[in-house]
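K.L.:
Take a look at this one; I'll ask things after.
What follows is calculated from the coordinates using simple rules that are stated; it is not laboratory data. These figures come from a predicted structure and were not determined experimentally. Neighbour counts run over all protein chains shown; Cβ positions are idealised from the backbone, glycine included.
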Amino acid sequence: MFVSCNSLKSICLGSLAIRPFRVHRGTVAGRAETLLKTATMKIITLSDGSQTQVDDLDFAPLSIFTWQNHKGYAARRVGSARQHSTQWVFMASQIIHPPKGLEADHRDGNKLNNLRSNLRPATHSQNNINVARKNLTGYRGVRLQRSGKFAAQIRLNGRVRHLGTFQRADIAASAYDESAIRHHGEFAMLNFPNSKQPNARSQGD
């Protein structure tokens, strides 16, 4: 039997009236919708054609400037070129405004990822730690010796500290990771950031 409905907000199917679903701000679905709207990402194109990622809330104040690619970073010049008094203002620093004496560091090492979740204040030394450097072994902090074994080493306070000698490069890389975490904490650049690393303690010379 067909049942007519007077309300335009109802959809009739047979004898069943189905009302349209509304998302209310107080519900879990409503909060999720709000988060999606506030966590959007936008792209700013630099003068050389490269692109940097920024949060939606930062796009408007940043896009009024012309940004250049300076050594891989999004940056702009300020000052007078005629008086030779220009300096670089980095986009990352303009976003998070690190305290005096600190710099803006990119957590993932991607200099053009300027999302707030990827930026943190750091000292110059900490910022230099978070730079990807790999040698011919393919691992950070690992050196192939003439003997055919692999030496693990880490630089601390400007000095290289020997961590041990190992038969395998991946074991030496694991020894470096353990030391990097112990000395550098969240700023450590690891060989095995997302996977289970081999045990270095029982296999060193």
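K.L.:
If we sort 177-188, 162-173, 58-69 on the protection proxy, mean other Cβ atoms within 10 Å, highest first, what's the order? Walk me through the intermediate numbers first.
P.N.:
Details: 177-188: 16.5, 162-173: 18.7, 58-69: 14.3.
Per-residue mean Cβ counts within 10 Å order the peptides as 162-173, 177-188, 58-69.
K.L.:
Under the 0.36 nm per residue contour assumption, what length would be gained going from the current alpha-carbon distance of residue 165 and residue 97 to full extension? Walk me through the numbers before you get to the answer.
P.N.:
On the way: separation 68, 0.36 × 68 = 24.48 nm, distance 4.29 nm.
20.2 nm is the gain from fully extending residue 165 to residue 97.
K.L.:
Right, here's the next one. Kirkwood hydrodynamic radius of the stretch 69-199 from all distinct Cα pairs, in Å? Kindly include the intermediate steps, with their values, before the conclusion.
P.N.:
On the way: mean 1/r = 0.0601 Å⁻¹.
Across the stretch 69-199, the inverse of the average 1/r is 16.6 Å.
K.L.:
Moving on to the next point. Multiply the residue separation of residue 51 and residue 65 by 0.36 nm, subtract the distance between their alpha-carbon atoms, and state the gained length in nm to one decimal. Show your work: numbers first, answer last.
P.N.:
On the way: separation 14, 0.36 × 14 = 5.04 nm, distance 1.42 nm.
Computed gain between residue 51 and residue 65 is 3.6 nm.
K.L.:
Sticking with this one: Å³ per residue of the Cα convex hull, for the stretch 41-129?
P.N.:
Once divided by residue count, the hull of the stretch 41-129 is 106 Å³.
K.L.:
7 Å from Cα along Cα→Cβ at both residue 85 and residue 186: what's the point-to-point distance in nm?
P.N.:
So the two model labels end up 3.8 nm from each other.
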